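The values are calculated or read from the model by the stated rules, or taken from the named source; none is laboratory data. Computed from a prediction, not measured in an experiment: that's the story for all the values here. Positions of Cβ are generated from backbone atoms using ideal geometry, with glycine treated the same way; all protein chains shown enter the neighbour counts. When the accessible area is computed, the model is the full protein with side chains, heavy atoms only, and any ligands, DNA or RNA have been set aside. Shrake-Rupley method; radii C 1.70, N 1.55, O 1.52, S 1.80 Å.
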Amino acid sequence: MDPFTGVQIAGQVARAYLRRSRVTVTVNEHYDTFSDCASDSGVKSFFFPVDSPAKLTPLPDKSDRWIYSKPYDWVVKNRGRELGSTVFEFAVQSLNATVGLIGGKPVVYPGIDEVSGIEVCPPPAGGPTSGSFLSVSLDDETMDCRVGDNPGAPSIPFRYQIRQGDTEIFRVYAHAKRPCVWFLKLIFVVNGTKVEYDVRRENGEDFVTLPRDYTGITASYEWTSGRYEEARR
């Protein structure tokens, strides 16, 4: 059965229904809170809509490693985006009933305007991914649920039963070969009613994912020895 056919409740009505049923979906984009460093979260480099690193706000810590270890707040302050992937977590909590999460898929909008800017590249680093995660292909508009530290591990069904009083946390890794604006659509069954829920950013905006080789990049830089050095792409 296609989980996206015959949906009974969607949009704002769905949100209100889940709220009345005491089911919450919470998004956490702050990858510094669930990864030891940016590379561990899958983030390899950042895009900023400026023509020079001189226009970025200063780093609060001038050490070479700071930007590569806990960069989230600084990236957000400078209106930056991750390149190559979008990483976030969402949690589903049920306080009043057993909830079935029976499906999901990314929904991608056609077209996105190109913006010029620079890339800031961390050095190679990182560690394995642990636990369950969702690998989202925005090019194919598909999603695989996988377990463990091997991205090549076999997919498992994206179907979860969340019992009353429990919380289930999902980490999402979305990637694309082209710029994408998108949101994640989930299908729940709550008290016998099928409910469609759209997962967006914490501020309510759609997610934006830029490819690693985004054509809007005019130059690449690394932060080293207390200053920005232009890097070869």
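Some points to look at:
- Any hit, segment 157-166, residues being assigned to a strand (DSSP E or B), among the acidic types (Asp, Glu) and open to solvent by 30 Å² or more (accessible area, probe 1.4 Å): no
- Restricting segment 1-55 to residues that are more than 27 Å from ASP213 (Cα to Cα) and of a type in the set (D, E, K, R), the residue that is modelled with the lowest pLDDT is ASP2.
- Residue that is modelled with the lowest pLDDT, among those in segment 56-71 that are assigned to a helix (DSSP H, G or I) and open to solvent by 10 Å² or more (accessible area, probe 1.4 Å): TRP66
- Some residue of segment 188-198 being farther than 14 Å from GLU82 by Cα, aliphatic (A, V, I, L, M) and crowded, with 19+ Cβ neighbours inside 10 Å: yes
- Per the listing ARG159, ARG163, the residue uniquely more than 24 Å from the chain's Cα centre (by Cα), more than 29 Å from LYS55 (Cα to Cα) and at pLDDT 90 or above is ARG163.
- Residues within segment 203-233 that are more than 25 Å from the chain's Cα centre (by Cα) and part of a loop (DSSP other than H, G, I, E, B), tallied: 3
- Once segment 87-117 is narrowed to residues that are open to solvent by 40 Å² or more (accessible area, probe 1.4 Å) and touching a Cys at 6+ places or on another chain (Cβ under 8 Å), the residue that is farthest from PRO179 (Cα to Cα) is TYR109.
- Of all residues in segment 72-86, exactly one satisfies the criterion of being open to solvent by less than 20 Å² (accessible area, probe 1.4 Å) and among the aromatic types (Phe, Trp, Tyr), namely TRP74.
- Scanning segment 185-202 for residues that are part of a strand (DSSP E or B) and not charged (D, E, K, R) gives LEU186, ILE187, PHE188, VAL189, VAL190, THR193, VAL195, TYR197, VAL199.
- Test: residue in segment 118-125 that is surrounded by fewer than 21 Cβ atoms within 10 Å (Cβ to Cβ) and either modelled with pLDDT of 90 or more or part of a strand (DSSP E or B) (or both): no
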